[in-house]
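Since the structure comes first, as structure tokens, the remarks are kept for the end.
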Amino acid sequence: MIPRIPTCTCAAIAVAALCAWAPLSLAASVKTAHVEAELVAATTAIVPGEPFTVALRLSMEKGWHTYWRNPGDSGLPTTLEWKLPAGIDAGPIEWPAPHVLPAGPLVNYGYDGVVLLPVALRTSRTFSPAGPQVLHARADWLVCKEVCIPEGADLAVTLPVGTTAPPDARWGAEIATARAAMPRPLNGWQVSAEGRGQSIELKLVPSEGATDPGALQFFAYAESTIEPSQPQTVKRDGVAYRLTLPVSFNLAGNLRQVTGVISAANGFGGGVRAATLDVALSGTVVAGPNPALKPAPALDQAPAGVGLSLALALMFAFAGGILLNLMPCVFPVLSLKVLGFATHHDSRATLHKEAFAFAGGVVLTFAALGVLLAGLRAAGEQLGWGFQLQSPIVVTLLAGLFFVLALNLSGVFEFGQLVPSGVANFTARNRTLDAFASGVLVVVIASPCTAPFMGAALGYALAASTALTLAVFIALGLGMALPYVVLASFPGWRRRLPRSGAWLVRLKQLLAFPLYATVIWLAWVLGAQRDNDAVVRLLLALLCTGFALWAWHIVRTGGTRRWGVAGAAAFIGAVTLAWPLFHVDADADAAAPGSGRVSVADPEWQPYAPSRVAELTAAGRPVFVDFTAAWCVTCQVNKRLVLNTADVRSAFARNKVALVRADWTRRDPDITRALTALGRTGVPVYVLYRPGKGPVLLPEVLLRQTVLDALASL
């Protein structure tokens, strides 16, 4: 006889069983601002030695999307970082075929609505843990609509360990459907790929009895191989289909395989709507045309360099070179050279000789810089005016140079004391060589500055042939050298200056302080590029360098040998402290697109991304884009005197203008491409995009009224 169990006891046993079983199948979802994420399992248990599937399920708000493994022109792929019990290993994400996601002129690849990203997990046959297993994973994704928001969540799913693994009642069928729709090899079709210069032709011969696949779209696995924003054309050739793929303008290295996913609107037969391709590439390919160089939308003021004739570009370059002398980064050092007129009472012929040597140094250095820029851009580098200031090493060297110049003006040492007496005497006698070197120096220190008219001229120069580029840069150098040559040619003004004396010593000491201020600014730039540790190393190196130069001055002016030993030790210490800066991987900051963006300190300004600007303008919102850099003096002056003023900020808010800041302090290919599309090669650049009207390109040197007038046109 079977004993009868009371009803209350049965209920208690049932509740206990449910409580014991519930944690084994628990998978909590996480709701972020625009996505609900969770880990879901295809089966209800883990069987040692057998594979099982867990999928990341992302449910996006309407209108929002995430990205495929190759996001296209912009975006970031979703990532999973697993933390698993010992004996369990996870494979890569299995990516469903993506959709094309247009974003203004850009084309991205990704998903909207709900997407399942399956992952195959494996256990060893000796895997025999006690109790259920908790599988943890960190998921990160970028979700975009008008704006892009990086989101993420720490997720987990708990599964028991058993001898069988029945399908999960809720998710098993959905995951099985997702895996069945995964791209797989295109069986029965013959596929070949031929490189034809800036394009690749895929030839697809269908299997017998296959129906018309309809519209075809290829998604490359690797970025920078096929250009997403350029059209893919398909034509019928007998029974075959020929799909032409545009080669990326940013192609690097030799492309030997065409790998990716191809989708068909009508399917390839057998229920297959997307297939994987891995085809050897015959023929040759070269980088395609840069889509950023296509004509930009019509501007009320034409982009700099667009529509300019050579004569007008030369005139702009010449005028910009003259105005460059007045820029904050040039005027203090140029003043030092002009002081030579007050200390040397030479013949007119000697002054002419010295002036033309200075001009030769300026012009030849500009010409060399123009040839270098043209050559690097022809080689595929995305560079512009002031590109060298994007390197922490160059910033460090310039800080040291300005510091040494300032110490010289302060009277801490004389340059002649740093070299053997024979060399010092030679340079003292040969002031022509000194003038030439001064011309070179002035161009070096002018590199962070952009004067009015320069943007138009340089935009024309770097879009033209090397010969025309050289002509524009020479015109820029002639304009910069002109004031000095004119002053040397008409020396009558010298009679209006006081005679040499104590006033000149005081003036030299006074001019040292703008150079010290420049060192502070460069240290700030270095901090924006690297970190506070780099700034501290720089300051310590400058401190030891200053002490070494002072000690050496003491020795050369009659000090003891102990000072010489101290000076040598300090100099060695300076080199030692500065040495880590010269081991910085200069490409580390530009290794990935967007890594060069410095965080925006002002919360009203959004960081730049091509998709963000395109989405904001597509939504009908006015957008003001500030292309800037920490090392650009003109940018900082405009920011403090114009953009940060109360009336301009109020006008931005009143007109509901989206503020976007493209920070070019470090190399950023997205920002460089945007500048090129505007016909510019450097910063500052200011663009106001207006709904229903053409954008307005503002001048490099801003006035508050200029910005207010542009906003009034909205």
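Worth pointing out:
- Amide H contacts of Thr233: Thr244, each under 5 Å away and 5 or more positions distant or on a separate chain (H built 1.01 Å from N in the peptide plane; Pro and chain starts excluded).
- Inter-label distance, nm, simple model (7 Å from Cα along the C-beta direction), Glu61/Trp82: 3.2 nm
- Prolate/oblate/rounded call for the range 150-214, Cα gyration tensor, a/c under 1.5 rounded: prolate
- With each label modelled as a point 7 angstrom along the Cα→C-beta vector, the Leu487-Thr233 pair spans 6.0 nm.
- Placing pseudo-labels 7 Å out from each Cα toward the beta carbon at Leu507 and Trp550 gives an inter-label distance of 2.8 nm.
- Amide H to amide H, with H built 1.01 Å from N, Ser199 comes under 5 Å of Val247, Val286, counting only residues 5 or more places away or on other chains.
- Estimated FRET transfer efficiency (Asp140, Met182; beta-carbon r; R0 25 Å; 0.05): 0.65
- Its residue count N sets the reference 2.2 N^0.38 Å, and the alpha-carbon radius of gyration of the range 615-714 equals 1.03 times that reference.
- Kirkwood Rh and Cα Rg combined as Rg/Rh, the range 233-274: 1.05
- Residue-level accessible surface for Met182, protein heavy atoms, 1.4 Å, Å²: 20 Å²
- Residues Ile149 and Val637, FRET efficiency given R0 of 35 Å [Cβ-Cβ distance, rounded to 0.05]: 0.60
- By the rule of a C-alpha distance below 28 Å, with chain neighbours fewer than 8 residues away ignored, the lysines paired with Lys693 are Lys145, Lys294, Lys639, Lys656.
- Ranking Val134, Pro150, Ala173 by how far each Cα lies toward the positive end of the dipole of the range 134-292 (charges on Cβ) leaves Ala173 at the top.
- Within the shell defined by Cβ-Cβ distances under 15 Å, the residues around Gly195 carry a net charge of +1, with Lys and Arg each +1 and Asp and Glu each -1.
- In Hz, Karplus ³J(HN,Hα) per residue of the range 604-611 (6.51, -1.76, 1.60; θ = phi - 60°; x = Gly, Pro): 6, 9, 8, x, 6, 8, x, 5
- Residue-wise HN-Hα couplings along the range 467-472, as the Karplus relation 6.51 cos²θ - 1.76 cosθ + 1.60 with θ = phi - 60° gives them from phi, are 5, 5, 4, 4, 4, 5 Hz; Gly and Pro carry x.
- For Arg661, distant residues with modelled amide H under 5 Å away: Gln606, Tyr608, Asp626
- In this view, the solvent-accessible surface of Ser124, computed with a 1.4 Å probe and all protein chains in place, comes to about 50 Å².
- The string of couplings for the range 238-250 from the Karplus curve (6.51, -1.76, 1.60, θ = phi - 60°) is x, 8, 8, 10, 10, 9, 9, 10, x, 6, 4, 5, 9 Hz, one whole number per residue in order, with x for Gly and Pro.
- Per the Kirkwood formula applied to alpha carbons, the range 82-238 shows a radius of gyration over Rh ratio, Rg over Rh, of 1.04.
- Amide N proximity, the range 204-218 versus Arg242 label position 7 Å along Cα-to-Cβ, cut-off under 11 Å: 204
The values are calculated or read from the model by the stated rules, or taken from the named source; none is laboratory data. Just so you know, these numbers come straight off a predicted model, no measurement behind them. FYI the Cβ positions are ideal-geometry reconstructions off the backbone, even for glycines, and counts take in every protein chain you see. Note: accessible area is taken over every heavy atom of the protein model, side chains too, but ligands, DNA and RNA are not part of it. Shrake-Rupley method; radii C 1.70, N 1.55, O 1.52, S 1.80 Å.
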